[in-house]
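Down below is the structure, laid out as structure tokens.
The values are calculated or read from the model by the stated rules, or taken from the named source; none is laboratory data. Predicted, not measured: the structure shown is a model, and the values here were computed from it. Using ideal geometry, Cβ is built from the backbone for each residue, glycine included, and neighbour counts are taken over all protein chains shown.
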């Protein structure tokens, strides 16, 4: 049962990254590719009806983590105290940037809200990458299963590391590039004209960077945590993961050059899922490895909630997800297609 | 008090108190907007559509702040209260995760459709989105109240091998009697906020002689809702809540009422300042034997006093608890009086001309917020010194790894952030109120949709 919940939480995190990833990426590009007020409104319109729902995946994933692995939630949230507080503030600023821009008419405040939205999106992407980096690298857990990490110590990977060291900074950059590329491909599917050209141009520039960073991050991960390969040698099916990652990258470039924006966006989804599954596969059954010694690591077994609760939860979780998927299909169908500003001036963006 | 414990308590208290200013209006306005939408369809009267559209704008601004200040609440269970989460997560993780899976997806989807989809949807479908927004926000409220209710009255759990609690009965958790009673009282309180806010904006328009037709609708709907729910707030929901506290948390009741010694025929203190050191009440105005009657329905029934338990089991801030409770009850009584007078004048067709009562209604709007906040302070300070009643002390629940210094860092950060949010909120809502509802469509231009004309002006 604990393994099932491990997969469920991993899927929900992946859903969050896929969905909120493209609006974070769109935010990161916002200032660069959208020049006029009309273009900026188009970017906001492209993510406007859905970003809030996308972000709910973060809350739902967080709630599910709390429910299925209470100790993991307790330990990691208090240990990552400082970056999480900053994530909260950034999420607030970003929401304000998106939602309140349209309420204030003058160009000066609009550009102010645009900068807030964009900067918060960039920082969030970096933070999420660094967070994943911390989980893969391990944290200094004490025998009581708790830890506390300062933001940085000496930037080196060691026993008493901080949130940021050279490895997690690389992870942050990988996340930023990945999500920005993801966002540019999404915007390409949703826009026309100059904006569409610039979104496609951004994707062309970012693709080789992503290719390079993928290789760098693989090498760095194996250097920093050599035992990530253990699960792969135990279950060789895991080697499918890098195949999926590079195949997605290849198809992304192919579809992009063919002008197939949707195909390229889907390839980006495949790439993200591949990267996340690769990390989850390497971790299992650990959920938060200890840099202080494997005996202190948090695993799905020493953090899971009681079996009765997990069983009951499976029933309502399935029901809840069916409903959520229904809503998502409905709203994405409703707002499908290219964004057109003139229709429906009652829209807020 | 340990300084880390203090800062973690302040951290949660500050963020949750601020947060709840917004959901109470969300949950209070949602049914009122649904009523406006229903009236528009039933009476085929576009005035109600314009009223609903105006309130949807306020609702939207309010909702965004409710969401962004709500996310930190979920995080803080782990960041600031990790020992509590480890201890109780096996049980209350259920209700919190269900809120995410059922209520948040529902709300976020249908709110987008409700706010931005009016032109794309048929009238009935748009009404349906308003219904779903209402259901989503009220469902969300239930999961949160059920979580708090479990902390007040833990049920359906067992102790696991490592000392943490694990769920044994899902239905006991979800149907906790404390949850149902607290929910009824809490939701009724939020509609009081919704009703008085709506009536206040309407009164503002009537007093300043702007948007008079809309102002009359707001005052009428607001006053009727405020009257119905102010009465329900006292009886039966308030009465239920009080008797449940008497039964399950007699020490809390004793502190709320400042009953120092267990005694038969206890008086009800209306006003007065409790002096904990000397165990007396200064300047007390009391109704003899009333407390015994209200609690147990007998004039000479025994009411348990604080002396029944050692001092370390008392709520740690008796005066604050006493005042919060008395402010809540006092304001609740005033709400009934004001809304009853206004409703009487409405019935006699005199309300819209009676400027004095419109002034009262206008100035009334902050008080439901104060009363709801005081109610939650009563519930939460009343539960002290326990975090989970009888099972886990607050002093044992916070994150021991997070130092007081880091706690202050983020508390001050939140204070700064919320100051900005407050300014922005006041500015945006004031702008909407200033701008007002759309004007009546000009009968000379019958075929242009009212919405597009007005919103073209706005954008």
Exercise. Can you confirm whether region A:148-160 contains a residue that is in contact (Cβ under 8 Å) with a residue 24 or more places away in the chain, surrounded by fewer than 20 Cβ atoms within 10 Å (Cβ to Cβ), in contact with a helix residue (DSSP H, G or I) (Cβ under 8 Å, 6 or more places away or on another chain) and assigned to a helix (DSSP H, G or I)?
Key: no
Quiz item: Among the residues of region A:58-74, which ones are within 7 Å of chain B (Cβ to nearest Cβ) and touching a strand residue (DSSP E or B) at 6+ places or on another chain (Cβ under 8 Å)?
Solution: A:71
Quiz prompt | Subset tally (residues that are in a loop (DSSP other than H, G, I, E, B), within 12 Å of chain A (Cβ to nearest Cβ) and more than 30 Å from residue B:152 (Cα to Cα)) for region B:386-436 | solution = 0
Self-check item: Yes/no for residue A:21 being more than 8 Å from every other protein chain (Cβ to nearest Cβ), buried (at least 24 other Cβ atoms within 10 Å of the Cβ) and at pLDDT below 90
Solution: yes
Practice problem: With the condition kept exactly as written, say whether any residue in region B:136-146 is on the phi > 0 side of the Ramachandran plot and either away from chain A (no Cβ under 11 Å) or free of Cβ contacts under 8 Å to residues at least 40 places away in the same chain (or both). | Solution: no
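Here's the yes/no breakdown for (1) more than 23 Å from the chain's Cα centre (by Cα); (2) under 24 Å from residue A:162 (Cα atoms):
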| residue | (1), (2) |
| --- | --- |
| A:238 | no, no |
| A:241 | no, no |
| A:244 | no, no |
| A:254 | yes, no |
| A:257 | yes, no |
| A:264 | no, no |
| A:275 | no, yes |
| A:297 | yes, yes |
| A:302 | yes, no |
Exercise. Find the residue count for region A:285-336, including only residues that are part of a loop (DSSP other than H, G, I, E, B) and touching a residue at least 24 places away in the same chain (Cβ under 8 Å).
Key: 8
Quiz item: Before we move on, is residue A:270 more than 9 Å from chain B (Cβ to nearest Cβ), at pLDDT below 85 and either under 26 Å from residue A:180 (Cα atoms) or in contact with a helix residue (DSSP H, G or I) (Cβ under 7 Å, 6 or more places away or on another chain) (or both)?
Solution: no
Quiz prompt | Residues satisfying the stated conditions in region B:68-98, i.e. more than 7 Å from chain A (Cβ to nearest Cβ) and under 18 Å from residue B:27 (Cα atoms) | solution = B:69, B:70, B:73
Self-check item: Out of A:298, A:319, A:323, sole residue that is buried (at least 21 other Cβ atoms within 10 Å of the Cβ) and within 14 Å of chain B (Cβ to nearest Cβ)
Solution: A:298
Practice problem: Determine the pairs where a residue that is without any contact (Cβ under 8 Å) to a residue 12 or more places away in the chain, located within region B:297-322, has a partner that is surrounded by 13 or more Cβ atoms within 10 Å (Cβ to Cβ) with Cβ atoms under 7 Å apart, the partner being 6 or more residues away or on another chain. | Solution: B:298/B:292
Exercise. From B:128, B:104, grab the single residue that is without any contact (Cβ under 8 Å) to a residue 40 or more places away in the chain, more than 17 Å from the chain's Cα centre (by Cα), assigned to a helix (DSSP H, G or I) and more than 11 Å from every other protein chain (Cβ to nearest Cβ).
Key: B:128
Quiz item: Which one is nearest to the other protein chains (Cβ to nearest Cβ) among residues in region A:75-111 that are free of Cβ contacts under 8 Å to residues at least 40 places away in the same chain and either in contact with a strand residue (DSSP E or B) (Cβ under 6 Å, 6 or more places away or on another chain) or under 18 Å from residue B:82 (Cβ atoms) (or both)?
Solution: A:77
Quiz item: Among A:286, A:260, which is more than 14 Å from chain B (Cβ to nearest Cβ) and closer than 21 Å to residue A:19 by Cα?
Solution: A:260
